[in-house]
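Coordinate-derived values only; no laboratory data. Because the structure is a prediction, the values reported are computed rather than measured. FYI the Cβ positions are ideal-geometry reconstructions off the backbone, even for glycines, and counts take in every protein chain you see.
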């Protein structure tokens, strides 16, 4: 499990750096300020959860399903939350009509991220992490 979490964090981290650099250098002037802010938010939250996953990887020695649940919630949350924000930012540039699809996905991703943090807290309360 530890290896899987670290690999996921590494992939998300690399993609966040690529997305951040692409946003700063490739999208400058091509997105509205609002869409650029949406892009930036997606990169930020993706990076935050890279660090959360790396921390979570240190807890895998505690045999608890909560760590696995937390991993799943963070991973799916990043994909849905940041992924939908990336699509939303691009939708303006390419005039895509994605709001009907993306509208409910972003908050669902956010709820999964919150669920991951709550699960991490429950894991800490119910286990003696030393």
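Need the C-alpha centroid separation for the range 59-130 versus the range 20-46, integer Å. The range 59-130 and the range 20-46 have Cα centres separated by 20 Å. Between residue 55 and residue 24, the contour length at 0.36 nm per residue exceeds the alpha carbon distance by 8.4 nm.
Taking Cα pairs under 8 Å and at least six residues apart, what relative contact order does the range 2-125 come out at, in percent?
30
Computed over the alpha carbons of the range 2-125, Rg followed by Dmax gives 15.5, 49 Å. When peptides 116-122, 23-29 are sorted by average Cβ neighbour count within 10 Å, with the highest value leading, the order is 116-122, 23-29. Over the residues of the chain, the helix contribution to mean residue ellipticity at 222 nm works out to -28000 deg cm²/dmol, using -39500 (n - 2.57) for each DSSP H run of at least 4.
Taking Cα atoms, how many degrees apart are the long axis of helix 33-57 and the longest axis of the chain, rounded to 10 and kept between 0 and 90? Once rounded, one gets 20 degrees.
Neighbour counts of C-beta atoms inside 10 Å place 4, 34 in the sequence 34, 4, starting with the fewest.
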